[in-house]
Amino acid sequence: MTGTGDGYAPQSGDRAYRVESYDLEIDYRVRTNRLEGRAIINAVALIATRSFALDLVGLRATKVRVDGDRRSAFTQGPRVLRVTAPAVVEPGERFSIEVAYAGSPAPRRSRWGAIGWEELTDGALVAGQPTGAPTWFPCNDRPDDRARFRIAVTTDAEYTAVATGRPLGTTRSGGRRTAVFESDVPTATYLAAVHIGAYREEELELPAGIPGILATPPALAADARRAFADVPRMLELFAEAFGPYPQVSCTLVVTADDLEIPLEAQGLAVFGANHLHPSEQRLIAHELSHQWFGNSVGIARWRDIWLNEGFACYAEWLWAEAAGGPTAEESARHHHARLREEAQDLLLADPGPDLMFDDRVYKRGALTLHALRRRLGDAAFFALLREWCAEHRHGLVTTEDFRALLALRAPDEAVETLHVWLDDLPLPALP
């Protein structure tokens, strides 16, 4: 029963069970890149089985217990930790797997590049999308298996850990520092993250009482404050367009290193020192909008990635217009002209694993939304987006769900517009 079944990440995940919560204790030493971990995975069986697969890459399990039973057995390969319970677990029965593990975490090689736990010059970060989570904890690494998280991170006292969830507090002992985070929001494994560095934290003043934290190296604090000065306005704009901010908090991390791209996670995002320039404002808007699209309204299959990236790209265009830059119409015309010059071999509804992060998915996805906006008019279009976000808040969706909502709320011409943008290869003309 292993595998997601959609072909994009066929070696990841196990459909024999679903996870209700992860309780993770991580002890990490920056100087030696040594991680020691303990994970408790609380789950529910979906079929009668004694065997469960956990994704774990580059780290070695040393002890495994199912419901605390010493008779539990396990074997481990390069990608999978196979656990055998002492007795059959029946469908609907709850069980827990405790795993002690250790090693030197590193990114895993994939068709999308190196992903997962990554060492920085003086710290570490997690780049989990799409299959990087197993490089730092054992998990059922499927986008449709969302769970609650409790994460405790212990580091040397001069380092600060920032992780998914609201901070519950920090304790110190023997030159070590432990920070605890907890999230009751259903979170996909790829959206769970830990960032460790010589950070100083300060409060972000955000609208609607949203708790906000900015974590930066002290030398970059002033630049970071300037770079993120418009975050409150971005959140207000997106709340008006998409509905209330759906996460319990908003944490922004800036690394001392340059990063190729920013990375979103549940309720937080990390940026490199190179992303503090005014020209990178669109990336801040993009990552913040993922808190609605991808992190709250989550995809059940990787083939539907346009529901994350196309929507976030369109949010960039909305912010650019609100900030006095090009209008969304101008951005759409510009990118439509550029895409006409590209190869016409991308099927937006199912781009395939090799093209799932192709820039054309982002831009054609955003153009699809602009085409619908032209068909529907502003009032109906944004009402549709707010209903989409409200109906599927912290839920799982597919492209078929979006088609169904559009068919319910819009005329046939809009449904046909969506069809040609999603299901035809050649780039359609804007309506």
Quiz item: Hey, Asp345 hits all of (1) assigned to a helix (DSSP H, G or I); (2) open to solvent by 60 Å² or more (accessible area, probe 1.4 Å) but one; which does it fall short on?
Solution: (1)
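Residue-by-condition table, conditions (1) without any contact (Cβ under 8 Å) to a residue 60 or more places away in the chain; (2) outside any helix (DSSP H, G or I); (3) open to solvent by less than 40 Å² (accessible area, probe 1.4 Å); (4) over 22 Å from Ala163 (Cα atoms):
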residue	(1), (2), (3), (4)
Ala285	yes, no, yes, no
Leu288	yes, no, yes, no
Ala312	yes, no, yes, yes
Glu329	yes, no, no, yes
Quiz item: Taking the range 290-303 as the region of interest, how many residues are surrounded by 24 or more Cβ atoms within 10 Å (Cβ to Cβ) and more than 13 Å from the chain's Cα centre (by Cα)?
Solution: 0
Quiz prompt | Residue selected from the range 382-411 under the condition crowded, with 18+ Cβ neighbours inside 10 Å and aliphatic (A, V, I, L, M), by the criterion farthest from Pro246 (Cα to Cα) | solution = Ala410
Exercise. Collect the residues in the range 208-226 that are at pLDDT 95 or above and over 22 Å from the mean Cα position of the chain (by Cα), keeping them in residue-number order.
Key: Pro217, Pro218, Ala219, Leu220, Ala221, Ala222, Asp223, Ala224, Arg225, Arg226
Quiz item: Has the range 397-406 got any residue that is free of Cβ contacts under 8 Å to residues at least 24 places away in the same chain and assigned to a loop (DSSP other than H, G, I, E, B)?
Solution: no
Practice problem: Taking the residues in the range 248-283 that are open to solvent by 40 Å² or more (accessible area, probe 1.4 Å) and in a helix (DSSP H, G or I) as candidates, determine which candidate is farthest from Gly325 (Cα to Cα). | Solution: Asn274
Practice problem: Name the single residue, out of those in the range 291-310 being among the small types (Gly, Ala, Ser) and not in a loop (DSSP other than H, G, I, E, B), that is nearest to Pro262 (Cα to Cα). | Solution: Gly310
Quiz item: Given the conditions (1) farther than 30 Å from Gly123 by Cβ; (2) of a type outside the set (D, E, K, R); (3) open to solvent by 20 Å² or more (accessible area, probe 1.4 Å), which single one is not true for Ile40?
Solution: (1)
Quiz prompt | Selection status of Val57, crowded, with 18+ Cβ neighbours inside 10 Å, within 25 Å of the chain's Cα centre (by Cα) and outside any strand (DSSP E or B) | solution = yes
Self-check item: Unique residue being in a helix (DSSP H, G or I), aliphatic (A, V, I, L, M), open to solvent by 60 Å² or more (accessible area, probe 1.4 Å) and closer than 25 Å to Gly243 by Cβ when the list is Ala371, Ala366, Ala379
Solution: Ala379
Quiz item: Within the set of pairs 6 or more residues apart or between chains, which connect a residue that is at positive phi inside the range 201-216 to a residue that is part of a strand (DSSP E or B) with Cβ atoms less than 8 Å apart?
Solution: none
Practice problem: Scan the range 382-396 for residues that are in a strand (DSSP E or B) and at positive phi and report the count. | Solution: 0
Exercise. Within the range 412-428, identify whether any single residue is assigned to a loop (DSSP other than H, G, I, E, B), among the hydrophobic types (A, V, I, L, M, F, W, C) and open to solvent by 60 Å² or more (accessible area, probe 1.4 Å), and answer yes or no.
Key: yes
Exercise. Identify all residues within the range 121-172 that are in contact with an Asp or Glu (Cβ under 6 Å, 6 or more places away or on another chain), open to solvent by 30 Å² or more (accessible area, probe 1.4 Å) and of a type in the set (Val, Ile, Thr); write none if there are none.
Key: Thr121
Quiz item: Between residues in the range 86-111 that are free of Cβ contacts under 8 Å to residues at least 40 places away in the same chain and over 30 Å from Val194 (Cβ atoms) and residues that are aliphatic (A, V, I, L, M) and open to solvent by less than 60 Å² (accessible area, probe 1.4 Å), which pairs lie under 8 Å by C-beta distance while being six or more apart or on different chains?
Solution: Pro86/Val66
Quiz item: Among the residues of the range 325-337, is any under 21 Å from Pro130 (Cβ atoms) and not β-branched (Val, Ile, Thr)?
Solution: no
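The values are calculated or read from the model by the stated rules, or taken from the named source; none is laboratory data. The shown structure was predicted, so the numbers you read here are calculated from the model rather than taken from an experiment. Here the Cβ is made from the backbone with ideal geometry for all residues, glycine too, and neighbour counts use every protein chain on show. Note: accessible area is taken over every heavy atom of the protein model, side chains too, but ligands, DNA and RNA are not part of it. Shrake-Rupley method; radii C 1.70, N 1.55, O 1.52, S 1.80 Å.
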